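To start, the structure itself, in structure tokens.
The values are calculated or read from the model by the stated rules, or taken from the named source; none is laboratory data. This is a predicted model, so every value here is computed, not measured. Here the Cβ positions follow ideal geometry from the backbone for every residue, glycine too, while neighbour counts run over all protein chains shown.
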Amino acid sequence: MSLDGKLLARARDRLETIRRENEAETRRRREEVYARNPRIRAIDQKLRETMLSAMGAALAGGDPTEALAAVREENIDLQEQRGLELTRLGLPMDYLDDHYSCPDCHDTGSRGTALCHCLLDIYREEQARDLSALLKLGEETFDSFDLSYYPDAVNPATGMSPRQVMETAFETCLLYANKFSPDASPNLFLSGAPGLGKTFLSACIAREVAAKGYSVVYETAVEALSKYEAERFGRGDPEALRADIRRLETCDLLILDDLGTEYPTAFTVSALYTLINTRLTGRKKTVISSNLTVRDLETRYNPAIMSRLTGDYSLVKFEGDDIRRLRRERRFTKPGDR
């Protein structure tokens with residue numbers, strides 16, 4: 001499982017803010033208590049001195065056992081005095097102890113060489129926020145996908161109704177999201193006319209896979225290829241653009257929406273090949289959606305791209321009527337008019 005460096009940096013920044021806030025709260029509590037009971041300040045100063053004594057005994061050489069035992073005994077006595085003074089103020093004995101939001105890593109985000117669960121939780125929150133901003137769709141879920149919008153009349157040419165086709169598409173996307181594996185999952189190519197739910201189901205896949213902790217990037221083909229173009233021709237911050245391109249090429253799952261809407265040039269075709277081929281050679285998974293048929297794509301892209309799309313992607317067909325139009329009609333149709 002790879003993590004998105006950009007999102008991980010944001011998660012670390014948030015955890016650092018939490019750590020600083022907790023330290024500030026501890027300082028506030030100490031100043032409050034010291035003002036109410038100066039003896040506690042004196043006890044804390046003495047505790048610090050005992051810690052220095054313990055360190056000095058350990059570094060002095062020889063056998064520090066007896067010296068350390070004396071320091072430990074003094075420390076215990078001071079802790080008891082401190083607790084008694086806090087109790088007299090009506091405060092718990094641990095009121096002045098360092099406070100951590102995560103007791104496992106003490107808000108550092110690391111446990112040995114591994115990332116702590118608290119940092120990964122914040123990372124997942126950042127990823128969900130990032131996806132929500134990119135998708136701009138709301139809270140689409142598989143549970144809210146409505147197959148009743150698709151006709152159930154059988155198409156004589158295929159022997160299947162649009163609803164049957166979409167049931168297969170829905171089940172394919174649901175299974176893909178639930179069983180996603182960076183090693184075993186296929187690449188998907190969602191193909192069909194506009195307004196049939198490709199973006200909706202892509203968003204559902206993105207959210208489900210991201211919720212499992214995998215790095216997911218959702219981008220339209222226009223925006224993705226524009227980053228390559230901007231980096232190539234020096235339009236923008238080179239470091240930021242390289243980081244964005246690295247995210248596109250290395251995330252666990254890339255959702256590339258609306259392929260075919262970008263303006264076709266020799267450069268965009270070359271950039272698309274680079275993106276697709278880099279992800280294939282790196283064994284990274286991709287879900288591409290397009291309003292174009294495979295035949296349409298063959299007239300737009302070169303054989304090298306088509307060979308990869310047809311050979312390394314599982315085709316998922318979408319059929320039916322424009323869902324956006326049908327929703328508008330349902331919304332504005334009066335009950336008596338039905």
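Listed by first and then second residue, the pairs linking a residue in the stretch 257-271 that is under 28 Å from PHE200 (Cβ atoms) to a residue that is in a loop (DSSP other than H, G, I, E, B) and among the acidic types (Asp, Glu), with Cβ atoms under 6 Å apart and 6 or more places separating them unless they lie on different chains, are THR268/GLU262. Taken over the stretch 287-325, the criterion of being under 19 Å from ASN277 (Cβ atoms), in contact (Cβ under 8 Å) with a residue 40 or more places away in the chain and of a type in the set (D, E, K, R) is satisfied by ARG300, ASP312.
Here is the figure for the stretch 34-50: residues that are more than 16 Å from ASP94 (Cα to Cα) and without any contact (Cβ under 8 Å) to a residue 12 or more places away in the chain total 6. Of everything listed in (1) farther than 29 Å from ASP143 by Cβ; (2) part of a loop (DSSP other than H, G, I, E, B), the single unmet condition for THR158 is (1). Go through the stretch 231-246 and report how many residues are surrounded by 18 or more Cβ atoms within 10 Å (Cβ to Cβ) and either in a loop (DSSP other than H, G, I, E, B) or modelled with pLDDT under 90 (or both). Result for the stretch 231-246: 2.
When the residues of the stretch 169-210 are narrowed to those that are free of Cβ contacts under 8 Å to residues at least 40 places away in the same chain and not in a loop (DSSP other than H, G, I, E, B), which ends up nearest to GLY260 (Cα to Cα)? It would help to see each step written out before you state the result.
Going residue by residue through the stretch 169-210, those that are free of Cβ contacts under 8 Å to residues at least 40 places away in the same chain are 170-171, 174-175, 177-179, 181, 184.
Narrowing further to those that are not in a loop (DSSP other than H, G, I, E, B): 170-171, 174-175, 177-178.
Working: PHE170: 23, GLU171: 25, LEU174: 25, LEU175: 26, ALA177: 24, ASN178: 28 Å.
Looking at residues that are free of Cβ contacts under 8 Å to residues at least 40 places away in the same chain and not in a loop (DSSP other than H, G, I, E, B), I get PHE170.
Considering only residues that are closer than 14 Å to TYR313 by Cα, within 20 Å of the chain's Cα centre (by Cα) and of a type outside the set (Phe, Trp, Tyr), look in the stretch 157-186 and name the one that is surrounded by the most Cβ atoms within 10 Å (Cβ to Cβ). So, considering only residues that are closer than 14 Å to TYR313 by Cα, within 20 Å of the chain's Cα centre (by Cα) and of a type outside the set (Phe, Trp, Tyr), the one surrounded by the most Cβ atoms within 10 Å (Cβ to Cβ) is CYS173.
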